[in-house]
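A quick write-up on the structure given underneath.
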Amino acid sequence: MLNQGLRRALAGIAMMMPLPALAGPPFVTDDPEPTDPGHWEIYNFALGTYQPGSASTQFGIDANYGPVKDVQLTATLPLAAQTGQPFGAGNAEFAIKFKFLHHDDGVVPFDVSFFPRVFVPTAHGSTQTQVLLPIWAEHDWGPWSVFGGGGYTLNPGAGNRDYWQQGAVLTRQLRPGFMLGIEYYGQGADTLTDRAVTGLNLGTQIHIAGPFSLLGAFGQGLNRKQTIFYSSLKLDL
């Protein structure tokens, strides 16, 4: 069975993912850093999940805007296809990120944000509106960053079940504009007949020129035969 929750998490990524903090996309795990006030981060992405006998892909735009300090608005609009179904609109995502703890305040040694997401059903996606309620934290030192956290997804519908998801990422900036990272992620079963999934991801972000960066990630399931990938062209405006 296709892991729709994992695909949605990948596509959302504010990950979809963030040059100053080098977090979020291309990883499943998100980061707590909002887009700077008055600026856009736009990801033109493609992602996929493959398992024996089934495959799913998505293509779309993940747009993030910073209206004020410590707040980010996100909208993800994908097209999707999976084995046995025609190509069409995927579940739209809408989210808002609130950064409520700052490491430079001296209270805690990391930044922390609340980043709730709403997944709106479409004809080719889920039939029920879903809600993800996560907390994300990050600590940076020199060229290194570690970020992670998780949350609970409300997943209504016949045969569905609510579930937890979590992840952690370690990244290093090898030189200005070039990051490499490794990620562990996990998600509970999202249906009554499915089972939990865990996996490892390798990801990179490479600044090309001006506002353009390339992002990519490739991962394998640890407890099932599952391969995931993510790629995007990012614009910082």
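The values are calculated or read from the model by the stated rules, or taken from the named source; none is laboratory data. Predicted model, so just to flag it, every value in this text is computed and none were measured. All Cβ positions, even for glycine, are placed from backbone atoms using ideal geometry, and neighbour counts span all protein chains on display.
Selection of segment 58-103 for residues being of a type in the set (Gly, Ala, Ser), within 15 Å of the chain's Cα centre (by Cα) and more than 23 Å from ALA137 (Cβ to Cβ) yields GLY60, ALA63, ALA75, ALA92. Going through (1) small (Gly, Ala, Ser); (2) exposed (fewer than 15 other Cβ atoms within 10 Å of the Cβ); (3) modelled with pLDDT of 85 or more one by one, SER113 falls short only on (2).
Strands (runs of 3 or more DSSP E) wholly in segment 118-237 with at least 1 residues that are among the hydroxyl-bearing types (Ser, Thr, Tyr), surrounded by 15 or more Cβ atoms within 10 Å (Cβ to Cβ) and within 19 Å of the chain's Cα centre (by Cα) - which ones? Show your work before the answer.
Working: elements: 130-141, 144-154, 163-175, 178-187, 197-209, 212-221, 227-236.
In segment 118-237, 144-154, 163-175, 178-187, 197-209, 212-221, 227-236 are the strands (runs of 3 or more DSSP E) which contain 1 or more residues that are among the hydroxyl-bearing types (Ser, Thr, Tyr), surrounded by 15 or more Cβ atoms within 10 Å (Cβ to Cβ) and within 19 Å of the chain's Cα centre (by Cα).
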